[in-house]
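Every number in this text was worked out from the coordinates using simple rules, so none of it is lab data. Given the structure is predicted, the values throughout are model-derived calculations rather than measurements. In this analysis, Cβ positions are derived from the backbone assuming ideal geometry, glycine residues included, and neighbour counts consider all displayed protein chains.
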Amino acid sequence: MELFQSQYDWIKRTRETLFQYCEGISQPDYVKELESFGGDSIRNLHVHIATCFHFWLGTHGLGKTVDNTEPEDIKTVKDMRELFRKTDELVEEFLLKYEGNWEHTIPYTFKSGETSDFSTLWLFTHTTTHEFHHKGQIVKIGRQLGYTPPDTDLIAPEVNTCQI
């Protein structure tokens, strides 16, 4: 299995732990916007994570038109799971297209007119680390709302019980 596909599989398993945690949060708390987080909610941050993948990997990396998702489009964790199912399909397509070609660069023009070249490795790394950054904020918001989170660090691979 290709290295980055294996890495993304770990990310999805860790994301599943976060989804299960969010399923234990009441719907009003799931969408509650907290001033201490700049008006963001758990739902809003989750949508932000998905749309980052959509923009950088889908629109920029694959040249696809990806429908914009607004936080208000997502009402429940079940809806969020569906958004991430579509996100996973996009990531899988990106990983397949660029497998073994991680230094390939794609130019990007910012609104300011400045341009930069981003490697496909940078695009994948940025989106996955971005998810973990906001996952930490989601857990922190849940904690502030009175929910005890599980360990949401990267799920460890199965441990080989053989002595090395």
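The protection proxy used here, the mean number of other Cβ atoms lying within 10 Å of each residue, ranks peptides 106-114, 74-82, 49-57 as follows, highest first: 49-57, 74-82, 106-114.
Please identify every one of the GluC sites (Glu not before Pro) in the range 1-66 that sits in a loop by DSSP and has no more than 16 other beta carbons within 10 Å of its own beta carbon. In loop regions of the range 1-66 (DSSP not H, G, I, E or B), the sparsely surrounded GluC sites (Glu not before Pro) are GLU2, GLU33.
Need the list of lysines near LYS75 for cross-linking: C-alpha distance under 29 angstrom, and skip anything on the same chain fewer than eight residues off. Result set, ordered by chain and number: LYS12, LYS32, LYS64, LYS86, LYS135, LYS140. Between LYS75 and GLU35, the modelled labels are 3.0 nm apart [label points 7 Å from Cα along Cα→Cβ].
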